[in-house]
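The block underneath contains the structure these notes are about, expressed in structure tokens.
FYI, it's all coordinate maths here, none of it is from the lab. Since the structure is predicted, the reported quantities are computational estimates derived from the model, not experimental observations. Here the Cβ positions follow ideal geometry from the backbone for every residue, glycine too, while neighbour counts run over all protein chains shown.
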Amino acid sequence: MIVREAAGGGVSGMFCVTVEFTIDPGRRDAFLARMKRQADASLSLEPGCRVFEVWVEDARPDEVRLHEVYDDAAAFEAHLASVHFNSFAADIGPMVRERRLLTWSRRL
């Protein structure tokens, strides 16, 4: 798990993203290695990225789930526009069979 806590610990205005990937069989190790680099880059280069978790389940080796938290929707848009994200998206494109992205704008 890769996490950087928000300054002050508050959640007001936070923006959550979940992404579910189905990856090609036999590409898991390459995908996860590239995903780890992306998570590290997002946390170190983006001040608005607070949480970037990568979840796997050995019983479903072709599935990977991300849990990301940003300061706000604008920080997520900045993430999508970043050089490191666009490089990542190009690198994993051939490995991904399916991707489902959901956003969450309010935490109870």
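Do you know the relative contact order of region 13-104, to the nearest whole percent, from alpha carbon pairs under 8 angstrom that are 6+ apart? For region 13-104, the relative contact order is 47 percent.
Relative to the current alpha-carbon distance between residue 34 and residue 91, full extension at 0.36 nm per residue lengthens the span by 19.7 nm. For a paramagnetic label modelled at 7 Å from the Cα of residue 74 toward its Cβ, which residues of region 31-50 fall within the zone defined by backbone nitrogen distances under 14 Å? The answer is 47-49.
Quick check of the Kirkwood formula: for the chain, what is the inverse mean of 1/r over all pairs of different Cα atoms, in Å? Please list the in-between numbers first.
Values: mean 1/r = 0.0702 Å⁻¹.
In the chain this quantity evaluates to 14.3 Å.
Along the positive direction of the dipole of region 13-104 (beta-carbon charges: Lys, Arg +1; Asp, Glu -1; about the Cα centre), which of 13, 54, 26 reaches farthest? Among 13, 54, 26, the one farthest towards the positive end of the dipole of region 13-104 is 26. The charge dipole of region 13-104, taken about its Cα centre with unit charges on the Cβ atoms of Lys, Arg (+1), Asp and Glu (-1) only, comes to about 200 debye.
Considering only 78, 66, 95, the residue lying farthest towards the positive end of the dipole of region 13-104 is 95, judged by Cα position with unit charges set on Cβ.
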